[in-house]
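These notes concern the structure reproduced below.
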Amino acid sequence: MGTGDKEPRPPVRMCVRCEVTTETPVVVAVVHQNTGPGFVVYACQACAAHYPPQPNVLTGLRPSGQAEDER
Ligand SMILES: [Zn+2]
């Protein structure tokens, strides 16, 4: 009767830069594909500092037009 054998595994990911598995992965990029679901690129804490920050996709892409002629 062993029911308590399952231990919650920490989310271990492989760093895309140094290819070392890390228990504290940092999302450095999210690749979107048209043919299927995208994948997330992880990096370790040390390598994540070398990656540029994620672009904020929530910001509006519309430039603030001063003159809006709406007819
Ligand atoms: Zn790394």
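The values are calculated or read from the model by the stated rules, or taken from the named source; none is laboratory data. Bear in mind the structure is a predicted one, so any value in this text is a computation, not a measurement. Every residue, glycine as well, gets a Cβ built from its backbone with ideal geometry; the counts of neighbours run over all protein chains shown.
Points to keep in mind about this one:
- Once the range 11-26 is narrowed to residues that are within 9 Å of the ligand (Cβ to nearest atom) and not hydrophobic (A, V, I, L, M, F, W, C), the residue that is nearest to C47 (Cα to Cα) is R17.
- Counting only residues that are in contact (Cβ under 8 Å) with a residue 24 or more places away in the chain and within 20 Å of P52 (Cβ to Cβ), the range 14-25 holds 4 of them.
- The range 2-38 - residue that is of a type in the set (K, R) and in contact with a strand residue (DSSP E or B) (Cβ under 6 Å, 6 or more places away or on another chain) and, of those, surrounded by the fewest Cβ atoms within 10 Å (Cβ to Cβ): R17
- The single residue among G4, G36 that is part of a loop (DSSP other than H, G, I, E, B) and either at pLDDT 85 or above or not small (G, A, S) (or both) turns out to be G36.
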